[in-house]
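Heads up, the thing below is written out as structure tokens.
The values are calculated or read from the model by the stated rules, or taken from the named source; none is laboratory data. Just so we're clear, the structure is a prediction, and the values are computed from it rather than from any experiment. Using ideal geometry, Cβ is built from the backbone for each residue, glycine included, and neighbour counts are taken over all protein chains shown. Keep in mind that these areas ignore ligands, DNA and RNA; they rest on the heavy atoms of the full protein, side chains included. Shrake-Rupley method; radii C 1.70, N 1.55, O 1.52, S 1.80 Å.
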Amino acid sequence: ACQKAIELFDSGVSALYEPEDAERGYVMVEDRRGRLMRYPILTLSVGVGLNEEGIRDYREIVDAATEMKSFAKRQAGSVYAIDRRSHGDPTRTSDHPPTRP
């Protein structure tokens, strides 16, 4: 499902931009102070928290998904990251690589 969402997003995002901006991969926008700023084309970052261990408190899943989304956002392009760590382990780490299309 994540892969399909990224594929659909990436295939349609260029329609939000002028063709030359989409081709270039960024837009130049004037900020409030009149300075030209460079902004990349939008990407999609998805974080997934799973409930495979019967977690009883939804906040644990939300926390895991939020952490994975933050991890995915640090990567280039549209990616997703799935938390596959054991939630009973208080020393979990976020060293799982995001998945790219």
Practice task
Within region 29-41, count every residue that is aliphatic (A, V, I, L, M) and open to solvent by 90 Å² or more (accessible area, probe 1.4 Å).
Solution key: 1
Handout entry: Tally of residues being touching a Gly at 6+ places or on another chain (Cβ under 6 Å) and open to solvent by 70 Å² or more (accessible area, probe 1.4 Å) across region 67-87
Key = 1
Completion exercise
Among Pro97, Pro19, the single one that is open to solvent by 90 Å² or more (accessible area, probe 1.4 Å) and either of a type in the set (Phe, Trp, Tyr) or modelled with pLDDT of 90 or more (or both) is Pro19
Completion exercise
Of the residues in region 21-65, those that are of a type in the set (Val, Ile, Thr) and either free of Cβ contacts under 8 Å to residues at least 12 places away in the same chain or in contact with a strand residue (DSSP E or B) (Cβ under 6 Å, 6 or more places away or on another chain) (or both) come to Val27, Val29, Val46, Val48, Ile61
